[in-house]
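Shown next, in structure tokens, is the structure this report addresses.
The values are calculated or read from the model by the stated rules, or taken from the named source; none is laboratory data. What you are looking at is a predicted structure, and each value in this text was computed from that prediction instead of being measured. We place every Cβ from the backbone using ideal geometry, glycine too, and count neighbours over all the protein chains shown. Accessible surface is based on the protein model in full, side chains and every heavy atom, while ligands, DNA and RNA are left aside. Shrake-Rupley method; radii C 1.70, N 1.55, O 1.52, S 1.80 Å.
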Amino acid sequence: MVKKQSKLVRLVCLLMAAMLCLALLSGCKDKENDGSADGSSKETSSVKDTVAMESYADVWNPNIPERQDLGGFELKFAARNMNMIIPKEGVSEDDDQIVEIMKDLQSRYNCKFSVREVKDWGTGDIMSELLTGSEVAHVLMPEVWRSGLYVSARILMDWNSEPIKKYVHTDELWWNSTMAYASNVNGKVYAGACNIQNYADWTYVCLFNKKILSEIGSSADELYKMYDDKTWNWDAFRTLAKKAVKDLDDDGQMTAADQYGFCSSDYDALVALISSADADCIRSNNGKDAHYTYAKPREIQVLTTLNEMYTLDGSYFAGSMERVDGVRGDVRQFTSGKSLFFLFTLSSIKGADYRTMSEDLGILPVPLGPSNDGKGWQSEYMSRVDHNFFATLIPANNSDPEKTALLLEAIAFVRWRNTNDRMDAYGVLYCSDDKSAEIVKEVYNFSSFEISQFVYSVNNQAFARNVCWAMANITKIPGMDIAGQWGSVEQVAQDIIDAYFSDKPLTV
């Protein structure tokens, strides 16, 4: 990709901006929109000022001792592989930074980290061992969509309980507060999300092709102004997408050879748009009074609008999910320069196909969805973290929850403090302008988790079968009967939700 500035110049600019932010913050912590586990709600998002990371560059986490001798305590994770906790050295500069900060933690606390590898959290020995009381690990890290199995079995520790909350503070900047909302069942919080695995990487964003944008009479500067002014919304996205459609071979038919307004997956990107409208299919009040929403007028209107966007505007590339030589259609369409917009996870821009694009790409958050009152747009950008992100769970039979909590808080803090460096690397290596680099550093603040991601897998995926799997049809069936489709399963869905939120463990 052709860059407009040298990497050195952009890096110097980013460092200067960081120094200015540090001078302004002077170590102060923004406590607005407190997202504590005790009181978090969907409206209490994790949107905080990312530049606050700079104020902690030489300041330790105030909630935990800077050093403590844990007598060689071994914190055991059950996770996909050891690289999630401590990457291999020498693979990348980014990973080497993680290696060093994790080595520093082991020295600070006289402890060590180990991993029991788990490839499949839905089957195998882990669940049965936990149900029989065996301690398989101090920390479990299944995918979010698998985590509901463990929540519903009631074999996890409440993060609001004293051994955990003594050290772990999910209202701090280094924890994602929307996870405290999503995993809250009757006031008990069963999961955390921190940058053991960087959730900015797994958050959906909107990539755009600058060349196509110029051809339709717009510009990256115009879109970035929309971003700053909070006018980057579904209407703006749809208007530009429709202008970009072009029958390149002039044969009167739209095929993969032609140019489209946008491409995306038929499910995950769609639900990221739904999150941008704060319209998840399950809503609760601090983990209580959980109810199904897709039969309600506001959510029906949100889904109907998306159905129109995907099937009636004529701007969506309908071959997005078709694979050719193992490459998905949406990836191929965008990287070959034949789609204005592409909704995908941030980390996708690391791929070789993006780096060899002849056109420059820009980056925006998922556009603002309709507001809850139906009279405008959401006030803050929100986008769903992919369901394959690994949540952090603490089993109820943890033999040393206090040491576990101390080390989790320490890991969350140091991995968060490293996030700006990681996002700076994105800006230098993968972004074609400074504004994209700035927005990349803000993606962390837009990351959102949803209750439905937990309920998805419970009861042999009953909720997925009845509610979620039909979502892909929104992108395929013009004039889909939204009210009929999701209204017909309202009672089934509510029964599943009631069972999940009851005090009685579900059968696993």
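A few comments on the model shown:
- Scanning region 459-487 for residues that are within 25 Å of Met321 (Cα to Cα) and assigned to a helix (DSSP H, G or I) yields a count of 18.
- Qualifying residue in region 199-216 (condition: part of a loop (DSSP other than H, G, I, E, B) and either at positive phi or of a type in the set (S, T, N, Q) (or both)): no
- Sole residue being more than 30 Å from Ala220 (Cβ to Cβ) and in contact with an Asp or Glu (Cβ under 6 Å, 6 or more places away or on another chain), chosen from Ser488, Ser452: Ser452
- Failed item in (1) over 30 Å from Tyr430 (Cα atoms); (2) crowded, with 21+ Cβ neighbours inside 10 Å, with Cys111 passing the rest: (2)
- Considering (1) modelled with pLDDT under 90; (2) within 30 Å of Val136 (Cα to Cα); (3) not hydroxyl-bearing (Ser, Thr, Tyr), the lone condition that Val385 does not fulfil carries the number (1).
- Tally of residues being of a type in the set (Gly, Ala, Ser), out of contact with any strand residue (DSSP E or B) (no Cβ under 8 Å at 6 or more places or on another chain) and over 14 Å from Gly337 (Cβ atoms) across region 211-259: 5
- Restricting region 374-397 to residues that are part of a loop (DSSP other than H, G, I, E, B) and under 14 Å from the mean Cα position of the chain (by Cα), the residue that is surrounded by the most Cβ atoms within 10 Å (Cβ to Cβ) is Ala391.
- Here Thr231 fulfils each of the conditions (1) among the polar types (S, T, N, Q); (2) touching a Leu at 6+ places or on another chain (Cβ under 9 Å); (3) surrounded by 18 or more Cβ atoms within 10 Å (Cβ to Cβ) apart from (3).
- Top-ranked residue in region 125-142 [being part of a loop (DSSP other than H, G, I, E, B) and open to solvent by 60 Å² or more (accessible area, probe 1.4 Å); ranked as farthest from Met82 (Cα to Cα)]: Thr132
- In region 257-343, counting only strands (runs of 3 or more DSSP E) that sit wholly within it, the ones holding 2 or more residues that are surrounded by 23 or more Cβ atoms within 10 Å (Cβ to Cβ) span 260-264.
- Residue, surrounded by the fewest Cβ atoms within 10 Å (Cβ to Cβ), within region 344-373, restricted to residues that are more than 20 Å from the chain's Cα centre (by Cα) and assigned to a loop (DSSP other than H, G, I, E, B): Asp373
- One residue from Leu149, Leu105 being at pLDDT 95 or above and outside any loop (DSSP other than H, G, I, E, B): Leu105
Yes/no per residue for (1) open to solvent by 10 Å² or more (accessible area, probe 1.4 Å); (2) modelled with pLDDT of 95 or more; (3) touching an Asp or Glu at 6+ places or on another chain (Cβ under 6 Å); (4) aromatic (Phe, Trp, Tyr):
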site	(1), (2), (3), (4)
Asp433	yes, no, no, no
Tyr456	yes, no, no, yes
Lys476	yes, yes, no, no
Gly479	yes, yes, no, no
Ile496	yes, yes, no, no
Lys504	yes, no, no, no
Thr507	yes, no, no, no
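- Top-ranked residue in region 488-508 [being touching a helix residue (DSSP H, G or I) at 6+ places or on another chain (Cβ under 8 Å) and assigned to a helix (DSSP H, G or I); ranked as farthest from Asp268 (Cα to Cα)]: Ala499
- Of the numbered criteria (1) under 24 Å from the mean Cα position of the chain (by Cα); (2) farther than 27 Å from Leu312 by Cβ; (3) open to solvent by 30 Å² or more (accessible area, probe 1.4 Å), the one Tyr500 fails is (3).
- Residue check for Arg422: touching a residue at least 60 places away in the same chain (Cβ under 8 Å), under 28 Å from Gln301 (Cβ atoms), among the charged types (D, E, K, R) and open to solvent by 10 Å² or more (accessible area, probe 1.4 Å): no
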